[in-house]
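Engineer: Before we start, here is the structure in question, set down as structure tokens.
Rule-based calculations on the coordinates, nothing more; no lab input. Computed from a prediction, not measured in an experiment: that's the story for all the values here. We place every Cβ from the backbone using ideal geometry, glycine too, and count neighbours over all the protein chains shown.
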Amino acid sequence: MRQKNQEEEKLTRRDEVLENQQLLVRALRSSLPYLEEFNHQIFVVCVSGELLQRDAAPKIMEELALLHRVGVQLVLVHDSQLLNQSSLDTSSFPVAVSRHDLKAVQQQIAAINWEFLTKLCLYGHGIMPLSGHFVTARADERSNALEMDSSNGVVQEVDLVAIRETLQLGHTPLLAPWGTGRQGHLWILEARELATELAIRLRAKKLILLENISSPLIEKDRNTSILRQWMCQQSSISENNRLRLECMATACERGVTRCHWLDATEEGALLTETLTSGGIGLMVTNTAYQQVRVARPSDIPQVWGLLSGPMRDASIVQRSTSYLEQHIERYRLFCQDEDVLGCCELISYPEQQTVEIAALSVALAYRNQGIGRELVNVVLGEAKRQGAQQAIALSTREDNVFMNCGFNECSLEDLPPEKRFNYDSPQSKIYIYSLVETGKDLSTD
């Protein structure tokens, strides 16, 4: 009996090891496209100074170091925790810093800068940070005009040559939220605005805000226009949060591909957001983050992986890789970035002016989110533009995506002769959709 239990424990441990290995392989496969895309790309990362005081700081430095080691060029900015200073006037925003307070604030920024450098050296293995004056500034016109001694400033110029040369040498620029002006004046900058200007002028791939709080938005992904509409409707949002969102929207509108707001107190937030399609924080973009597109030969491994898994949305004939190689142009993919989350095959029967939607499949983790419906509607729109008069589909499920998209059940006689001759799925029901009777604009559904 004891021997039997030991054998069962060995089998259990072996299964656990195999499962962990499979998880690792899947994680590597999903992250490789991002690693290739981000190699030698610039990420501007603004780190909340409060995070440096928390237990999360070592992990954050380790994650920054890992991105640096895989070829991401990091430009780091930190804030000065001005809102925590009771001696400052917090009735205005950005927080007013007078010349009287300047010395204390300057000391605080220098202390945080030193602490950041120290923690990077301790935990950010491989990162060689370099702190310096890369920014010139001028007075912030938003400051009260009567406060002639205000030290609040905004970015005027950025020494892009010096920053790029620093990156080419393998160093990581670390910028404090201040800039020098004429006659040696020191101007205090808002860190997130500084990071935004850096990202725009450096043409960065990403602007990342590492905060000690989560975004007020529930949704993970937002287009800039939708985000601005939401901000106009929200009167209760704090000025701090409004500034963060404004910076993200502005950066995307001026050329930064993606902007992210992460609650960096959650372990692994930075890597999860940058190296997976699902992410963990708020992402803002001004481009098509999710799209349906025609498949390419390089997509064959992901398509084959989708079609090899358990299918729920349709009766799918197993496709070989050789079949996919010959007919990959028939497939339409639902992509999130370059991660393929769903696919379907569009088969044309020109003589009958009919198309078949086949091999509809959605990744298990992304089902019941409207991806199948989006694929079907886009394909219907494409078929209608090509002159097809009807679409057909087969499914074994009673409540299926085709019924939800307006298909009606039909008989075997309604299939094109070629499809009817090769029909070998008696367990499947046949559905049809007229592309002539409907006036619906399917391409934008």
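Engineer: Of the peptides 186-198, 365-377, how do they stack up when ordered by the mean number of other Cβ atoms within 10 Å, highest first?
Structural biologist: 186-198, 365-377
Engineer: Then there is this: Report, as a whole number in µm² per second, the diffusion coefficient that Stokes-Einstein gives for the stretch 39-285 at 10 °C and 1.306 mPa s using the Kirkwood radius over alpha carbon pairs.
Structural biologist: Once the numbers are plugged in, D ends up at 87 µm²/s.
Engineer: Still on this structure, please answer the following. Using a simple charge model, +1 on the beta-carbon of Lys and Arg, -1 on the beta-carbon of Asp and Glu, nothing else, what dipole does the stretch 103-164 show about its Cα centre, in debye to the nearest 20?
Structural biologist: Using only the charged Cβ atoms, the result is roughly 260 debye.
Engineer: Then there is this: Rank-order 208-220, 122-134 by packing density, defined as the average count of other C-beta atoms within 10 Å over each peptide's residues, highest first.
Structural biologist: Result, highest mean first: 208-220, 122-134.
Engineer: If you don't mind, another one. Quick check on the stretch 131-261: of the DSSP beta bridges with both residues there, what percent are antiparallel, nearest 5%?
Structural biologist: 55
Engineer: Work out from phi, with θ = phi - 60° and the Karplus expression 6.51 cos²θ - 1.76 cosθ + 1.60, the ³J(HN,Hα) of each residue of the stretch 103-116, listed in order in whole Hz, and give x for Gly and Pro.
Structural biologist: Once rounded to whole Hz, the list reads 4, 5, 5, 4, 5, 5, 4, 4, 5, 5, 4, 5, 5, 4.
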